[in-house]
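The values are calculated or read from the model by the stated rules, or taken from the named source; none is laboratory data. Keep in mind that this is a model prediction, so the values were computed, not measured. In this analysis, Cβ positions are derived from the backbone assuming ideal geometry, glycine residues included, and neighbour counts consider all displayed protein chains.
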Amino acid sequence: MNNAKDLPVRQTNAVRALVPPGPRGHPILGVMPEFNRDTLGFIERLQDYGDVVRARFFYVSAYFLYDPDDIEYILSTNAKNFVKAMSLRSNFFSRLLGNGLLTSEGEFWRRQRRLAQPAFHRQRISAYGEVMVEFTERMTATWRAGETRDIHPDMMRLTLEIVARTLFNADVSGDADRVGRVLSEIVKPFASQATLKWILDNRLPTPAHNRFHRSVRQIDEIVYRIIAERRASGRDEGDLLSMMLQAQDEDGSQMTDAQLRDEVMTLFLAGHETTALTLSWSWYLLGLNPAAEQKFHAEVDEVLAGRKPTFADLPNLKYTEKIAKESMRLYPPAFGVGREAIADCEIGGFHIPAKAQVFAFQWVTQRDPRYFAKPEKFDPDRWTEEFVSRLPKYAYFPFGGGPRACIGNTFAMMEIVLVLAAIGQNFRLALAPDHKVELMPAMSLRPKDGIRVLVERR
Ligand code: HEM
């Protein structure tokens, strides 16, 4: 990055416009090399230029927003002027997720959201509490006191099993496992792929691409078969698939098989890694903060008194919920959101042209000292009602916001709190002293070499 800051430039074209300041970067690649070398450090340092910053990635102009009001503007108040960023329209996402909720736009998205929404209402998902705890206990039954484990793959497997079961129910659990396995295989190489390739939407027929397309075909076969069998049986399994199959729009129309396939794939992908990451980072932060860990143990002991946690316990597991919130503040699984402007607009007094890529980063804003005292400190107790009422709405946005906010946020919070409680009532996870935990910002914010813990029985 240039040391000298580039000052805002006043243009004199038809729209009198102020161009936000920002680094010049490499003459051809722009800031791409620096972004790829040190993504998190780069997006933090950009804020030194101000609350609206412009930088060039090769031939693409990107704008970075650090003021919660501006973030609210793109995600919520002026959401109609934005579509998802071009990185989400890459080959990878469109082949895998098709026209699912995460990637679709306009009237098509609106209708799908309307159809899927009831499946995520609090009363509907309350039934999944039991599945969440049952799978957690099945996993911990294989743990041995005194052993060292990498907790991250454990959490990944667990949340995958939970989303598979809640989507497809038991009758097809073998297939669901296969979909999950193929899916995690195909995501691996693409997840670590440099952002340059995403942005340029690499369409070259490399072996990795061919493998990817083969794997997606395999998953398609399974998912289409499950849908066909479920349609033929006409049974209501009480799972997300049944709910989406039955969902009807006002005109009586329902989702086609292709739409169902795209939504199933989207929920599989969007619904498991993010939740696993919040769990893994929570264990890490509890391991680093013995006082918080003690409060957590005291709460689960008092509320549960040795019983399994259930959906009904959620209102009483307040401190556990604050752990999840604080963990998503410090280590947001989705560490940034991106949009593309449809028409020219103005943000924070700066001109944003049509087609501009606009980004906001949970990673930076949720650690901004203007909104969070001692931002680096893991302090679940900061989440008092009073604090929340004073906090600008978009200073904390782990689930995004506005019309495209995460549809699974209640599901995820319930899963995180129940899994933490079910494990914490029986186990203490101490961080392995010889293991350094490092961050890897890929599609999501991952621990590079996992999180090794020593399992102790409580
Ligand atoms: C801690 C866990 C989770 C986090 C941090 C998270 C985060 C997010 C974020 C930030 C977005 C908005 C992206 C954007 O605006 O561009 C989003 C959207 C979405 N999430 Fe989640 N998510 C989580 C769990 C889940 C779960 C459990 C599911 C489903 C079972 C899910 C399904 C979706 C879907 C379908 C969308 C797209 C919604 C739409 O555009 O209409 N997520 N998520």
Restricted to the stretch 95-105 and to residues being within 16 Å of Leu183 (Cβ to Cβ) and more than 11 Å from the ligand (Cβ to nearest atom), the residue surrounded by the fewest Cβ atoms within 10 Å (Cβ to Cβ) is Arg95
Where a residue in the stretch 235-264 is at pLDDT 90 or above and its partner, wherever it lies, is more than 14 Å from the ligand (Cβ to nearest atom), with Cβ under 6 Å and at least six apart: Asp257/Ile227; Leu260/Ile227; Arg261/Val223
Has the stretch 276-290 got any residue that is in contact with a Pro (Cβ under 8 Å, 6 or more places away or on another chain), touching a residue at least 60 places away in the same chain (Cβ under 8 Å) and among the polar types (S, T, N, Q)? yes
Among the candidates Glu250, Glu229, Glu299, single out the residue that is surrounded by 18 or more Cβ atoms within 10 Å (Cβ to Cβ) and away from the ligand (no atom under 16 Å from the Cβ). Glu299
So the check is Cβ under 8 Å with 6+ separation or different chains; which pairs have a first residue in the stretch 355-378 that's among the charged types (D, E, K, R) and a second one that's part of a strand (DSSP E or B) and within 12 Å of the ligand (Cβ to nearest atom)? Lys355/Glu340
Conditions: (1) within 16 Å of the ligand (Cβ to nearest atom); (2) of a type in the set (Asp, Glu); (3) closer than 17 Å to Ser126 by Cβ. Glu273 meets all but one. Number of the miss? (3)
Output the residues belonging to the stretch 327-354 that are within 13 Å of the ligand (Cβ to nearest atom) and either touching a strand residue (DSSP E or B) at 6+ places or on another chain (Cβ under 9 Å) or free of Cβ contacts under 8 Å to residues at least 40 places away in the same chain (or both). Tyr331, Pro332, Pro333, Ala334, Phe335, Gly336, Val337, Gly338, Arg339, Glu340
Which one is nearest to Leu269 (Cα to Cα), of the residues in the stretch 131-179 that are of a type in the set (Lys, Arg) and at pLDDT 90 or above? Arg138
Just one of Gln117, Gln123 is more than 10 Å from the ligand (Cβ to nearest atom), at pLDDT below 95, assigned to a helix (DSSP H, G or I) and over 25 Å from Arg446 (Cβ atoms); which is it? Gln123
When (1) within 24 Å of Glu130 (Cβ to Cβ); (2) buried (at least 18 other Cβ atoms within 10 Å of the Cβ); (3) away from the ligand (no atom under 16 Å from the Cβ) are applied to Phe268, the one that fails is (3)
Residues of the stretch 57-100 satisfying the condition of being over 20 Å from the mean Cα position of the chain (by Cα), assigned to a loop (DSSP other than H, G, I, E, B) and of a type in the set (Ser, Thr, Tyr): Tyr59
Looking at the stretch 63-76, is at least one residue small (Gly, Ala, Ser) and within 14 Å of the ligand (Cβ to nearest atom)? yes
Hits in the stretch 362-408 - residues which are within 16 Å of the ligand (Cβ to nearest atom), farther than 16 Å from Ser327 by Cα, small (Gly, Ala, Ser) and part of a helix (DSSP H, G or I): Gly402
The correct count of residues that are among the charged types (D, E, K, R), more than 23 Å from Leu288 (Cα to Cα) and more than 17 Å from the chain's Cα centre (by Cα) in the stretch 375-419 is 4
